[in-house]
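Remarks on the structure that follows.
Every read-out reported here was derived from the displayed coordinates using simple, explicitly stated rules and does not represent laboratory data. Since we're looking at a predicted model, the values are computed, not measured. Positions of Cβ are backbone-derived with ideal geometry, glycine not excepted, and every protein chain shown enters the neighbour counts.
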Amino acid sequence: MPMTPRLGYPDLGLGIGLRSVHFRQILAEWPAIDWFEVISENFIDSQGRPRYVLDQVAERYPIVLHGVSLSIGSTDPLNREYLDKLAALAKRTKACWVSDHLCWTGVAGRNSHDLLPIPFNDETLNHVVARLRVVQEILERPFILENPSSYVTFADSTMSEWEFVSRVAEEANCGLLLDVNNVYVSSVNHDFDPAEYIDNVPHDRVVQFHLAGHTNCGTYCIDTHDGPVIDPVWELYAQAIARTGSVSTLLEWDAQIPELSVVHAEVLKARDWRQHARQSATGQRAAEQKSADIAVRHPTAIPMRAAVSNPVSFLVAGSE
């Protein structure tokens with residue numbers, strides 16, 4: 001059954017990232033895009049034209065801030081100066097919520113400019129949860145956490161990624177940004193079933209989805225955000241939507257960025273997948289109800305198997 005997003009967070013619809021290559025066209029046309037996601041670090045210290053554009057966009061569209069420098073998994077102290085600036089930017093843009101990644105990005109005050117993986121065990125869990133509680137107190141605004149793509153795992157991990165993500169969200173009482181492309185990329189890199197991941201996160205805490213393209217290198221994938229979404233990722237998105245109901249969905253396209261209309265058209269494909277998910281969920285509920293009715297009338301009858309959509313093949317494809 002589809003579930004209501006945590007705390008009644010709104011479904012903002014289908015959005016794209018605010019990128020400088022599109023500034024001129026956005027200001028000239030004010031296109032019919034539902035909402036924009038803003039990379040926090042691109043604007044947190046900016047002035048001049050970038051800040052002017054952001055202010056203009058924030059007056060006309062819902063804004064969500066998406067960070068890459070929180071470093072929630074690091075052993076460094078939380079950067080209070082960064083958090084204060086982030087809180088000010090969120091207030092200025094009236095951001096619906098703020099998000100960042102379940103990772104670490106540096107140590108000893110140095111930023112690696114990469115989203116580095118963490119071990120999935122109780123010690124790391126307690127560390128991350130304690131830091132998230134502080135972050136939410138400082139921001140005084142809804143906070144959601146994203147699952148990043150990863151390329152290595154740790155020998156001392158004691159649980160799956162989806163169990164770790166679920167426990168962090170529950171214990172820190174935060175929302176989830178479920179990046180469906182990242183689930184797929186990591187599933188290829190670490191040989192797990194992405195459908196199992198989607199099924200086992202707390203669906204009532206999923207506030208936002210990310211979709212993106214990636215680079216398939218044959219034996220592994222890299223999260224490059226440089227092309228359209230492939231069908232297996234769309235299938236995972238439909239599976240997730242069937243469990244969460246309609247949730248704010250964002251297309252990331254950060255390299256070899258095409259015209260604004262191309263990026264927008266790609267995220268609009270999500271409409272068809274949402275409809276497909278709703279139809280599948282409705283059909284499954286109808287079949288379950290029919291099976292229950294038969295069981296009531298004929299207690300010894302063998303229960304009818306619920307109707308489900310066709311299974312997805314997650315075999316690694318050739319290079320995209």
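The figures follow:
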quantity: Theoretical FRET efficiency, 1/(1+(r/R0)^6), r = Cβ-Cβ of A108 and Q25, R0 51 Å, to 0.05; calculated: 0.75
quantity: Computed helical MRE - 222 nm, the chain, DSSP H runs ≥ 4 contributing -39500 (n - 2.57), nearest 500; calculated: -13000 deg cm²/dmol
quantity: Residues of the range 211-245 with amide N under 19 Å of the 7 Å Cα→Cβ point at Q279; calculated: 231-245
quantity: Relative contact order of the range 1-96, defined on C-alpha pairs under 8 angstrom at six or more residues apart (%); calculated: 27 percent
quantity: On Cα atoms only, tilt of 231-244 relative to the major axis of the chain in degrees; calculated: 80 degrees
quantity: Sequence of S69, S186 once ranked by neighbouring C-beta atoms within 10 Å, starting from the fewest; calculated: S69, S186
quantity: Cα gyration tensor shape of the range 1-131, rounded if a/c is under 1.5, else prolate or oblate by comparing a/b with b/c; calculated: oblate
quantity: Where only C-alpha atoms are counted, convex hull volume of the range 135-276 per residue in Å³; calculated: 127 Å³
quantity: Cα-based shape type of the range 5-82, given that a ≥ b ≥ c are square roots of the gyration tensor eigenvalues and the cut on a/c is 1.5; calculated: oblate
quantity: Degrees separating the helix 270-297 axis from the principal Cα axis of the chain, which is the longest one; calculated: 30 degrees
quantity: GNM top mover of P77, P119, P142 - the chain, alpha-carbon springs below 10 Å; calculated: P77
quantity: Sequence of R51, R60 once ranked by neighbouring C-beta atoms within 10 Å, starting from the fewest; calculated: R60, R51
quantity: DSSP bridge pairs, the chain: antiparallel proportion in percent, nearest 5; calculated: 15 percent
quantity: Å³ per residue enclosed by the Cα convex hull of the chain; calculated: 149 Å³
quantity: Low-density loop cleavage sites - GluC sites (Glu not before Pro) in the range 61-154, where at most 12 other Cβ are within 10 Å (DSSP); calculated: E140
quantity: Percentage relative contact order, the range 9-297, counting C-alpha pairs under 8 Å, at least six apart; calculated: 17 percent
quantity: In degrees, nearest ten, helix 161-172 long axis to first principal axis of the chain (Cα); calculated: 70 degrees
quantity: Neighbour-count order for L27, L116, fewest beta carbons within 10 angstrom listed first; calculated: L27, L116
quantity: Additional length obtainable on full extension of the chain from F192 to D156, 0.36 nm per residue less Cα span; calculated: 11.2 nm
